[in-house]
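Single-structure report; data block below.
Each value in this text was obtained by applying a stated rule to the coordinates, not by laboratory testing. This structure is a prediction, so every number in the text was calculated from the model and none was measured. No Cβ is skipped: glycine too gets one built from the backbone with ideal geometry, and neighbour counts run over all protein chains shown.
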Amino acid sequence: MKPTLPLSVKNMCKEFVTSFSNHNYSGFSDKFIYNKTWKESEEEILLVVNDIFSTIEDVWNNPALNSKTAEALNEETYQSTVIVPFIRAALKNLPFRSSSFISISERESLASANRKGDGQAGRHPDIMFIVKHLDVLFKIMYVEYSRLVCTSQKKDDDDIKLWRECNDGMYYTRKFLNPEKDQFGIVRIQIARDTLHLNVLIRDMMNIYKYYNIELVTIPVQKSNKTIVIKFVEALLFLHNMIITNKSLLYHGSVCISERQKEGSTTIDSE
């Protein structure tokens, strides 16, 4: 009933276990900031691009995503076949990746529950990127998504939900750490239909919260032209670069003297 596993496969498994390294370093030695530079070499960036291309191939070859069936996809299928694979491809080869992970189970946001107070349920983001530092789980990216076909109301509701989640994330982070103002940000991604909105929430030197619109691109769910693919890959590389920068800023943030240090302002500006 069962074929015999080839010896070569067994040897490959043994070699994999022997040579495995979890790259578990203590933190970033260099502090990165937003200065319009890539934080990795071109060779490292090309590795990320290859992972993105591999995911695009899988998406384009998926019969569930052809023009006749795509409109009937529910959110969960869209998430598992398109959204999560692309996010994983963009964040797969991050430095010090053993200290961070992607949450895709709509787990309760501790940042939200903490801000609401004892006994209050937190919001449940669709996807979060979580960094473990000083035995604290910091949420530095929130994602909300819809089906490939969704209503304008769903889009508006997700926009408001993300606004609140990012504020919760910034509040929670600054309850424990003081990452550099006008630099550290909470990344937000809203996916509505086949469009990806990439933004970041940053608190400036005057303690005013500002949203920066980074990219608005089409997700190549089906075979697309070169311009769409280039812009999409660029957006995912921006995301990769932003997460590296924010992780570095988080690791270099000074520890708050007291948890009584609260946000200085809840003013929101958008750029």
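Observations
- Size estimate for region 34-270 follows the Kirkwood approach: the inverse of mean 1/r over distinct Cα pairs works out to 18.4 Å.
- Ranked by the mean number of other Cβ atoms within 10 Å per residue, highest first, peptides 58-69, 210-221 order as 210-221, 58-69.
- For Met141, the residues whose modelled amide H falls within less than 5 Å of its own, excluding neighbours fewer than 5 places apart on the same chain, are Phe129, Val187.
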